[in-house]
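For reference, the structure discussed in these notes is given below.
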Amino acid sequence: MINLLPPQNKRALIEEKNWRLSMIMSILFFFFLICLSLIIFIFKNSMVGDLEVQKEFVTQREKEFNDPNLRDLETNLNNFNQTLGSLDAFYTNQKNWTNVIEKISQVVPPLIHLNILSILPQITKEGGLETACSLAGIAPTREDLINLKDNLEKEPFFRDVAPTVNWVETDNINFIINFKLK
C-alpha cells in the first residue's frame, strides 16, 4: 500500500501509534504491578495466618507443660527413677545368695539334717561388710558332724569355722556351726 499522506500527517500517525503503544505498555505494566501486589498480599495473609496458627499451637503446648498434673507426673517419675537407681545400686552390691546356698549344700553330708540356715551381713571393725552364717541341725553320728566341719574348713569360700556342739554325745547330735564368707 502506498502512503500518500504529507510528512506532517505521517509524523502525527507515527506519534499516535507510539502513544498507543506506550499506553498499552503502561496498562500492561500497571496490570503486572497490580497482579504482583495481589500475589504479595495473598502470600502475606497466608504467612500471617500460618503464624497465628503456630502461635496458638505454642500457647497450647505451654499450657500443657504448665499443667499441674504434668508437673506431678514429672515429680513422680523423677522419684521413681531415683528409687530404681537406689534399688539397682543395692542389688549390685549384694552377694549372690544362690551361690552361697549352693556351696553350703555341696559341703553338707547327705545324712545331716539342717534345721536353720542363717545368713547375716555384718559391719566389720574396719567399717567393711562381711557375712556371718550359722547352720543348725542334727547329725546322726559324731563322724558325720566332724566330716561337715572338715568340709567347711576345706572350702576356700568359708572361713572362721566354729562349731558349737556337745562332743560327748555320739548319736543324734544337735549342733550349731558358725562361719564367715570370704
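Where a number appears in this text, it was derived from the coordinates with a stated rule and is not lab data. Please read all numbers here as calculations on a predicted model, not as lab measurements. Because the Cβ atoms are built from the backbone with ideal geometry, glycine has one as well, and the counts that use them run over all protein chains shown.
Here are the numbers for the structure shown:
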read-out	value
Extension gain from T98 to F80, taking 0.36 nm per residue of separation minus the Cα-Cα distance	3.7 nm
Calculated log₁₀ intensity ratio I(q)/I(0) where the Debye formula runs over C-alpha points of region 1-94, q = 0.10, 0.12, 0.13 Å⁻¹	-0.67, -0.76, -0.80
Estimated distance in nm for a label pair at N69 and N172, the labels positioned 7 Å out from Cα along Cα-to-Cβ	6.9
Centroid-to-centroid separation of region 20-90 and region 153-182 [C-alpha atoms, Å]	77
R0 of 41 Å, Cβ-Cβ distance F57-L28: FRET efficiency to nearest 0.05	0.45
Karplus-derived HN-Hα couplings along region 76-87 (A = 6.51, B = -1.76, C = 1.60, θ = phi - 60°), whole Hz, x at Gly and Pro	4, 5, 5, 4, 4, 5, 5, 5, 4, x, 5, 5
Residue-by-residue Karplus 3J(HN,Hα) for region 26-42, coefficients 6.51, -1.76, 1.60, Hz, glycine and proline x	5, 4, 5, 5, 5, 4, 4, 4, 5, 5, 4, 5, 5, 4, 5, 4, 5
Cα-based Kirkwood hydrodynamic radius, the chain, one decimal, Å	26.5
In sequence order, calculated HN-Hα J values of region 163-168 (Karplus, 6.51, -1.76, 1.60; Hz; x Gly/Pro)	x, 10, 7, 8, 6, 6
Estimated distance in nm for a label pair at L4 and L111, the labels positioned 7 Å out from Cα along Cα-to-Cβ	15.7
